[in-house]
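Working notes, beginning with the structure itself.
Derivation of every value follows stated rules applied to the coordinates shown; laboratory data play no part. Quantities reported herein were computed from a predicted structural model and do not represent experimental measurements. So basically every Cβ, Gly included, is an ideal-geometry build from the backbone, and we count neighbours across all protein chains shown.
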């Protein structure tokens, strides 16, 4: 199994973790553009965006650390 139907639940879960942590800290919720840029910046990749494969592998730990320092 591969593709967006498999990736979408993982990305959604990572964003939910960030939103939950922001709520607990009393910080404003990040918008979609912020989440997109941070997900791309923290993805494990070779630095090249590919229309078929995206920005690389989701790194939830790096995304959480970057979004909520």
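A few points about this structure:
- For segment 45-69, a residue qualifies if it is more than 21 Å from residue 5 (Cβ to Cβ) and surrounded by fewer than 11 Cβ atoms within 10 Å (Cβ to Cβ), and the qualifying residues are 46, 47, 48, 61, 69.
- Hits in segment 52-69 (condition: assigned to a loop (DSSP other than H, G, I, E, B) and touching a residue at least 12 places away in the same chain (Cβ under 8 Å)): 55, 56, 58, 59, 68
- The set of residues in segment 16-33 that are touching a residue at least 24 places away in the same chain (Cβ under 8 Å), in a helix (DSSP H, G or I) and surrounded by 11 or more Cβ atoms within 10 Å (Cβ to Cβ) comprises 17, 18, 21, 22.
- Cβ separations smaller than 8 Å between residues 6+ apart or across chains give the following pairs from segment 40-51 residues that are farther than 14 Å from residue 14 by Cα to residues that are assigned to a strand (DSSP E or B): 44/57; 45/57.
- Selected residue (only one of 26, 56, 47 is on the phi > 0 side of the Ramachandran plot and touching a strand residue (DSSP E or B) at 6+ places or on another chain (Cβ under 9 Å)): 56
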